[in-house]
Amino acid sequence: MKYHRETCRLLDIAPGISSENVAEIQRREAAIGISIPESLKEWYGIENSVQILQQYSNCDVLVPLERIGEPVEHWYGASHRDFVQQGLLWISRESQGVANWAVELDGTQDPPVLVEVDSAPNEIWELHARTFSDFVLSRVWDFTPAIAGVAANDVSLGDAVVVALQLRYKQAVETFGWPGNRQLRFENELGRILIWQGPDGADLHLRAGNAESLGHLVRDVLAVTGVKIDFYPVTQVGESVLCELQKRTQ
């Protein structure tokens, strides 16, 4: 793996190359008349690659490999859309149709991924991931199941707080566009912090492997940010952690 080694590490898999997928990639290249970038070839050549992206998403709709680059009929009620002619490869639609993601065919071998939000059929595409490999990695990072988790909405996080987190944690892949306008990821031995940063505040998602680690992570984030954060549980373990923290502050 040249482009997706870190993603495979997170998945804890030794990627098996599917000869059927490789042959399908070659058929798609012949059908749409372009050379598919190497990063996409590497990922889609992996067995169950589309299913993995489906699993690590919010029930989003993934374009099947055999339809990559194919013109889309009746795009949001409009006439058919040939994205390849626009220099794009459409790869995914959000589960409710709110957003779409497409690879920008910019001539590089690990091209950027763009997102449009609520603008179809007159799409306004914005940068989402600097590279396709970042896009895949961010999906797996975000949707890896966690035993213990809490979240918070509309938190005021200034630039100084982001810098403090960067100094205290390892920063993982950064993405842009939606949700919010910037997605920051931090991790250490305790767990992971996902931030959806927007113009009016940020949503925080904290995840850990057990209650003790999540408790330490929550207390650390509260100390670093220095602001009141009303966390709510997203797992049963998260609920017990917040109850315990509340008892300590009474």
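The values are calculated or read from the model by the stated rules, or taken from the named source; none is laboratory data. Keep in mind that what you see is a predicted model, and the values were worked out from it rather than measured. A quick note on method: Cβ atoms are made from the backbone with ideal geometry, for glycine too, and the neighbour counts reach across all protein chains shown.
Quick look at the values:
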read-out: Condition check for residue 212: among the acidic types (Asp, Glu) and closer than 19 Å to residue 127 by Cβ; value: no
read-out: Long-range neighbours under 6 Å by Cβ, at least six apart or interchain, first residue exposed (fewer than 13 other Cβ atoms within 10 Å of the Cβ) within segment 64-79, second outside any helix (DSSP H, G or I) and modelled with pLDDT under 95; value: 73/80; 78/121
read-out: Contacts under 8 angstrom Cβ, first residue in segment 221-233 being outside the structural domain of residue 153 (by TED's automatic domain parsing), partner of a type outside the set (Ser, Thr, Tyr), 6 or more apart; value: none
read-out: Unique residue being modelled with pLDDT under 95 and touching a Gly at 6+ places or on another chain (Cβ under 6 Å) when the list is 226, 198, 158, 238; value: 198
read-out: Breaking point among (1) farther than 28 Å from residue 44 by Cβ; (2) touching a helix residue (DSSP H, G or I) at 6+ places or on another chain (Cβ under 8 Å), for residue 133; value: (1)
read-out: Residue list for segment 80-101, filter: surrounded by 16 or more Cβ atoms within 10 Å (Cβ to Cβ) and of a type in the set (A, V, I, L, M, F, W, C); value: 83, 84, 88, 89, 90, 91, 99, 101
read-out: Residue count for segment 1-54, restricted to those that are assigned to a loop (DSSP other than H, G, I, E, B) and within 15 Å of residue 110 (Cβ to Cβ); value: 8
read-out: Lone unmet requirement of (1) in contact (Cβ under 8 Å) with a residue 24 or more places away in the chain; (2) in a strand (DSSP E or B); (3) over 14 Å from residue 102 (Cα atoms) for residue 114; value: (3)
read-out: Residues (exposed (fewer than 12 other Cβ atoms within 10 Å of the Cβ) and assigned to a helix (DSSP H, G or I)) located in segment 208-235; value: 223
read-out: Considering residues of segment 158-207 that are among the charged types (D, E, K, R) and part of a strand (DSSP E or B) only, the residue nearest to residue 112 (Cα to Cα); value: 182
read-out: Those residues of segment 63-94 which are modelled with pLDDT of 95 or more and of a type in the set (Gly, Ala, Ser), in sequence order; value: 69, 87, 92
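Quick grid of which residues meet (1) in contact (Cβ under 8 Å) with a residue 24 or more places away in the chain; (2) outside the structural domain of residue 131 (by TED's automatic domain parsing); (3) in contact with a helix residue (DSSP H, G or I) (Cβ under 6 Å, 6 or more places away or on another chain); (4) surrounded by 14 or more Cβ atoms within 10 Å (Cβ to Cβ):
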{"site": "13", "(1), (2), (3), (4)": "no, no, no, no"}
{"site": "19", "(1), (2), (3), (4)": "no, no, no, no"}
{"site": "26", "(1), (2), (3), (4)": "no, no, no, no"}
{"site": "32", "(1), (2), (3), (4)": "yes, no, yes, yes"}
{"site": "47", "(1), (2), (3), (4)": "yes, no, no, yes"}
{"site": "56", "(1), (2), (3), (4)": "yes, no, yes, yes"}
{"site": "60", "(1), (2), (3), (4)": "yes, no, no, yes"}
